[in-house]
1. Run the numbers on segment 108-221 and let me know its relative contact order in percent, using alpha-carbon pairs under 8 Å that are six or more apart.
2. At a threshold of 8 angstrom on Cα-Cα distance, excluding pairs fewer than six apart, so keeping six or more, what relative contact order does segment 1-119 reach in percent?
3. Report, as a whole number in µm² per second, the diffusion coefficient that Stokes-Einstein gives for segment 41-98 at 10 °C and 1.306 mPa s using the Kirkwood radius over alpha carbon pairs.
4. Return the tail of the calculated pair distribution for segment 4-213, meaning the percent of Cα-Cα pairs more than 23 Å apart.
5. Mind computing the radius of gyration and Dmax over the alpha-carbon atoms of segment 1-101? Å is fine for both.
6. Write down the percent of antiparallel bridges among all DSSP beta bridges whose residues are both part of segment 4-213, to the nearest 5.
7. Helix-derived [θ] at 222 nm for the chain: sum -39500 (n - 2.57) over DSSP H runs of at least 4, divide by residue count, nearest 500?
8. Which one, 194, 11, 90, has the greatest fluctuation when you compute a Gaussian network model over the chain with C-alpha springs under 10 angstrom?
């Protein structure tokens, strides 16, 4: 029996690739995005547009579109990357990244609590750049801080959702070839998505709240 998978930021990059993977596995995928794309429309999945997860209107539209849906897997993938360096701080872009990368995923989960099935799975697409122990180069203040905040939220979700047998996966996809990094990565979106989908399919309460690389390596906080 197919399961319902909801993915945010599904119109391109890793979100699109994850949509493709789960659709190919026979799951019922609901792709959420601000605006669709030709590549997404070719997949034949249900698409909900006008979902900007960083706005009240976008969240409201998402909730309305999913109010009759029971969700088995919720993947919070939408995210943005900006660049700030010491001496050139841009507080506007730092705040923007907190809104999209940290607050929005938490808000998405909180807004869809009633739709999550008992035993469902929640996946947070984060970054090892949110690891404090793994920071070897500095910089990227807004991105690093927002992803660290996302990791903290995901751990709290793992604790709070445990009573409903809902497992939370926290995944770094790798340095992926997406427009976010001007396609300068060392792994394709499809390869990263296949690895992440494998981890999500294997996710259980035993590893809920564990921060992992898409290759399965446990990452430091």
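Throughout, read-outs are computed from the coordinates displayed, never taken from laboratory work. All values reported here derive from a predicted model rather than from experimental measurement.
1. Contact order relative to length: 30 percent.
2. About 26 percent, as a whole number.
3. 111 µm²/s
4. 41 percent
5. 15.1, 55
6. Around 5 percent antiparallel, to the nearest 5.
7. Estimated from H runs of four or more residues: -10500 deg cm²/dmol.
8. Checking each option, the largest mean-square fluctuation is seen for 90.
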